[in-house]
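Some notes on the structure that comes next.
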Amino acid sequence: MSVKDAWGFAQALAGSSILPRQYQGNAGSILWALEFGRGLGLDVITTIQSVHIIQGKATMSADLMASLCRRAGHRMRVSGDETNAKVVIFRADDPEFPFEVSWTMDRAKQAQLTSKDTWKQYPAAMLRARAISECVRMACPEVLHGAIYTPEERGAAIDEDGLPVDAPVQQRASQAQYTVTQERPAPAPGPAPAVEAPQEATPEQGPSQDEVLDKLYLQAIANRSNVDVLKQIIAGAKQERVIEREVDGPPPARERMTFGALLDLLLADAQAMSEERNAA
């Protein structure tokens with residue numbers, strides 16, 4: 001699809017009440033997820049159900065990680081019960097060497113996971129998901145395309161299927177708690193809305209460069225058809241000194257490139273679309 005068609009498709013999907021709650025009314029996140037899924041060769045339904053954006057980062061379900069591992073030709077063996085789970089992966093290019101990960105309730109308790117309601121109700125599923133994600137990261141990280149964690153590992157409250165639910169998200173380790181909020185859909189072509197310039201980070205408070213980059217990246221994707229907004233984002237990226245930071249490029253290759261190069265590509269597409277509209 002063209003950029004224009006992809007945005008229209010995302011807007012149409014955003015109006016559905018049967019989408020995961022994080023995507024309802026949020027066309028920008030839908031478009032981001034679909035672009036990511038397309039880079040993995042996933043269909044729309046699989047992407048929407050299995051790829052989740054948590055704090056601006058793509059995550060995927062443990063089941064999708066297992067599927068991608070096997071699709072790449074690697075062998076995976078999963079076993080366990082409500083007290084432990086074991087996953088073994090044999091890479092296709094090194095079939096004699098096993099990568100093995102085990103998760104037990106004792107390990108979960110040490111990680112302070114067992115107090116969560118989902119862990120109390122579905123311990124076998126939670127142990128299995130943890131073992132799969134850790135083993136895939138270790139054995140074949142190339143199949144994950146950067147989405148190396150499940151939603152639960154990123155701090156999201158999940159249900160028994162590993163899908164995020166509406167609840168506060170807690171950052172891992174000792175970082176502060178934050179709440180995931182929906183982003184506004186990108187505006188229709190027209191007068192450019194003002195882009196809030198990120199505040200410069202200080203040692204005491206304020207966003208880090210990674211957080212600034214994530215915010216501007218998502219704004220760029222959500223407003224990829226708006227020339228004026230993209231120009232403001234470019235200016236903001238230069239001001240915050242993230243213009244030369246590396247990000248994932250457009251699908252299908254998704255080659256790493258500087259944020260500035262990606263913005264130049266988006267701006268060129270948006271300008272071409274604007275010229276087509278004016279010509280029509």
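Over the Cα atoms of the range 1-135, Rg to Rh with Kirkwood Rh, two decimal places?
Answer for the range 1-135: 1.05.
Once phi is turned into θ = phi - 60°, what whole-Hz ³J(HN,Hα) does the Karplus curve with 6.51, -1.76 and 1.60 give for every residue of the range 88-98, x standing for Gly and Pro?
Whole-Hz 3J(HN,Hα) from phi for the range 88-98: 10, 10, 10, 5, 5, 8, 8, x, 8, 10, x.
Contact order normalised by length for the range 31-80, with contacts defined as Cα pairs under 8 Å and 6 or more residues apart; what percent is it?
Numbers: 28 pairs, mean separation 11.1, N = 50.
Relative contact order, the range 31-80: 22 percent.
Which shape class applies to the range 77-128: rounded if a/c is under 1.5, otherwise prolate when a/b exceeds b/c and oblate if not, where a ≥ b ≥ c are the square roots of the Cα gyration tensor eigenvalues?
Details: a/c = 3.48, a/b = 2.59, b/c = 1.34.
Note, shape of the range 77-128 comes out prolate.
Keeping all protein chains in place and using 1.4 angstrom, which order do 75, 154 fall into by accessible surface area, from largest down?
Order by accessible area, largest first: 75, 154.
What is the dipole size for the range 104-150, taken about its Cα centre, with +1 at each Lys and Arg Cβ and -1 at each Asp and Glu Cβ, in debye to the nearest 20?
160 debye
Would you list 21, 130 from the most to the least accessible area, probe 1.4 Å?
Result, largest first: 21, 130.
What full-extension length gain, to one decimal in nm, is calculated for residue 208 and residue 63 as 0.36 nm per residue of separation minus the Cα-Cα distance?
Taking residue 208 through residue 63 to full extension adds about 49.0 nm, to one decimal.
For the residue pair residue 12 and residue 92, what label-to-label distance in nm results when each label sits 7 Å from Cα along the Cα-to-beta-carbon direction?
Placing both labels 7 Å along Cα→Cβ, they lie 3.4 nm apart.
Return the distance in nm (one decimal) between the two label points of a simple spin-label model at residue 124 and residue 111, each offset 7 Å from Cα along Cα→Cβ.
For residue 124 paired with residue 111, the spin-label model returns 2.0 nm.
Could you tell me the accessible area of residue 145 in Å² (1.4 Å probe, neighbours in place), rounded to the nearest ten?
Approximately 80 Å² for this residue.
The values are calculated or read from the model by the stated rules, or taken from the named source; none is laboratory data. It should be emphasised that the depicted structure is a prediction, and the values quoted were computed from it without experimental measurement. Every residue, glycine among them, receives a Cβ derived from its backbone with ideal geometry; neighbour counts consider all protein chains shown. Surface accessibility is based on the protein's heavy atoms, side chains included, excluding ligands, DNA and RNA. Shrake-Rupley method; radii C 1.70, N 1.55, O 1.52, S 1.80 Å.
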